[in-house]
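What follows is a set of notes on a single structure, which appears directly below.
No lab work stands behind these numbers, since they all come straight from the coordinates. For clarity, every value in this text was computed on a predicted model and none was experimentally measured. Using ideal geometry, Cβ is built from the backbone for each residue, glycine included, and neighbour counts are taken over all protein chains shown.
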Amino acid sequence: MSHIALPEPAFARTVVRGEGPGLLLAHGAGGSVAANYGPILDELSAGHTVVGVDFPGTGDTPRSTTPLSLDELADQLVAAAVAEGVDTFTLIGYSLGTAVAVRAAVRHPERVTGLVLTAPFARPNARLRLNATHWRDLYASGAHAPLAQFLVPLALGATVLESLPAADVDALVQGTAQSLPEGSAEHTDLVIRVEVRDDLARVTVPTLVISTTEDLLVTPDLHREVAAGIPGAELVEIPTGHLPFAERPEEWLKLITAFLGERTH
């Protein structure tokens, strides 16, 4: 049992009152609950009570004046669920949110009953560290248009990106530049500092790892490292880049709900 006291909830939260067990959502760097889970939120809540928080500097959560920490994000995430009366839950993490989810499972094992980790990493490899550093520094310098030009071909899978007309790609870059959350620099600074490899072996709940096989940002070797490190974890693949919610939301949802369905029978 955990003896870590929960803080007072301080992050803006999304609550979807469905029927059934709890689901807790952790989003990625530069994302939000709405941005990363919006396309599947209604379906997830069909059989669950869904709670998510927006990390500092995105959604309605104020930007942090100090560097972010995994412990803080994990504790705030769990505190939000408990404040909503959801005492135990499956934790769904995406990208940076997977490291937050793993840390939450280790710090609060009495509350986490399962993990779904999409595009996960336990530490940044050289590619992710360099890309996250460039992302952080471009955002901090105010170069949002060049940052969007850098991010779009990294985040979208080649299959989808090359299928788009040039005008659509340009519009996507422009939209990305305009929607970058103000906490982007702090989020990506945390990506560079993620280290949860020692936590993986301490995860004791059923875990599904979803590998985004065309991912150029968080590459599949990192996904496999996470799956190999968690005892009994199941590894499945989806042929997308880093944005399964944009590229193949129905397939992504199906993988998640299949895992959740197995756990309720």
More than 18 Å apart - percent of Cα-Cα pairs taken over segment 37-93: 40
Range in the chain, longest, excluding exposed trypsin sites (Lys or Arg not before Pro) [loop by DSSP; at most 16 other beta-carbon atoms within 10 Å]: 64-201
Across segment 131-180, how large is the tail of the calculated P(r) beyond 17 Å, expressed as a percent of all Cα pairs? 31
Here the equivalent ellipsoid of segment 49-130, derived from its Cα gyration tensor, has semi-axes (largest first, whole Å) of 21, 17, 11
Cα gyration tensor category, rounded, prolate or oblate, for segment 172-260 with a/c compared to 1.5: oblate
Roughly how large, in nm² to one decimal, is the mean projection of the convex hull of the alpha-carbon atoms in the chain? 12.8
Relative contact order in percent for the chain (Cα pairs under 8 Å, 6+ apart) equals 21
per DSSP, antiparallel bridges as share of beta bridges in the chain, % nearest 5, sits at 15
Expressed as a percent, the portion of alpha-carbon pairs in segment 74-225 spaced more than 28 Å apart is 28
Translational diffusion coefficient of segment 1-155 at 20 °C, 1.002 mPa s, Stokes-Einstein with Kirkwood Rh over Cα pairs, in µm²/s as a whole number. 133
As an exercise, find the ratio Rg/Rh for segment 1-81 from alpha-carbon atoms, using the Kirkwood inverse-distance average for Rh. 0.98
Exactly which GluC sites (Glu not before Pro) in segment 49-129 are in a DSSP loop and have at most 13 other Cβ atoms within 10 Å? Glu110
Skipping prolines and chain starts, which residues have an amide H placed within reach, meaning under 5 Å, of the one on Val116, given they are 5 or more residues away or on another chain? Leu91, Ile92, Gly93, Leu208
